1. Beyond 20 Å, what percent of the Cα pairs of region 34-111 remain?
2. Under 5 Å between amide H atoms, partner at least 5 residues away or on a different chain: which partners does Ile60 have, H built in plane at 1.01 Å?
3. Around Ala111, under 15 Å between beta carbons, what's the net of Lys plus Arg minus Asp minus Glu among the other residues?
4. Which angle from 0 to 90°, rounded to the nearest 10, does the C-alpha axis of helix 125-163 make with the longest principal axis of the chain?
5. If the viscosity is 0.890 mPa s and the temperature 25 °C, what translational diffusion coefficient in µm²/s does Stokes-Einstein give for the chain when Rh comes from Kirkwood over Cα pairs?
6. Can you give the Kirkwood hydrodynamic radius of region 110-158 from its Cα pairs, in Å with one decimal?
7. Sorted by average packing, counted as other Cβ atoms within 10 angstrom per residue and highest first, what order do 67-80, 31-44, 13-26 take?
8. For the Cα atoms of the chain, what angle does the longest principal axis make with the long axis of helix 100-118, in degrees from 0 to 90, nearest 10?
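Each value in this text was obtained by applying a stated rule to the coordinates, not by laboratory testing. Quick caveat: nothing in here was measured; it's all calculated off a predicted structure. As a convention, Cβ positions derive from the backbone with ideal geometry for all residues, glycine included, and neighbour counts pool all protein chains shown.
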Amino acid sequence: MKFFRRAEVASYSTLLGLVFLFDLLFTLPPFLTHTGFNPDLLYRFFQPVCHQMDSRSFHIFGYKLAVCSRCASIYYGLTLGIIMYPLFRPLEKIEVPSFMYLSIPLLFLAADFALNFVTPIHNTFASRAVTGGLLGVSTSFFIVPIWVALLKEFKTRKLLQHEK
């Protein structure tokens, strides 16, 4: 039983490390630019998944992140949710929560997005950041148990094959 607890903590730690690295990649360009390095490779890396509009992006030292405020908030929210996850659910519990916990933040984000197209009211920098953050945090409660279950299964199979 001790093996499984250790495997769950190791898989959780790996996931947390990966999301920290991902956050670092899109947060790094302003620091690179500020210190005289060219961040174009990072901006191009994130370009297929984000419009990167200057007016809709967080800035550090006057330089935008490699993703917009909504995308950054989703990713930072995901990281925050993964950090908070063990406070709310044990890592051993690999059942995903009801889809309702993901659909509600997704509906808020979709409604915020749709404001620009179907109403005279426009979404704001803050509304994009908040709805993105809520979606990111809620997504973590689906990603963590799936990730832990997958790595646990992988390690179990690897151990069983090693014993043969």
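1. Values: 1486 of 3003 pairs.
Counting pairs separated by more than 20 Å, the tail of P(r) holds 49 percent.
2. So Ile60 has HN proximity to Leu65.
3. Working: positive: Arg70, Arg128; negative: Asp112.
Summing Lys and Arg as +1 and Asp and Glu as -1 gives +1.
4. 20 degrees
5. Working: Rh = 17.6 Å.
Answer, rounded: 139 µm²/s.
6. Numbers: mean 1/r = 0.0754 Å⁻¹.
Computed over Cα pairs of region 110-158, the Kirkwood hydrodynamic radius comes out at 13.3 Å.
7. Working: 67-80: 22.9, 31-44: 12.9, 13-26: 14.4.
In descending order of packing, they fall as 67-80, 13-26, 31-44.
8. Between the helix axis and the principal axis of the chain, the angle is about 20 degrees.
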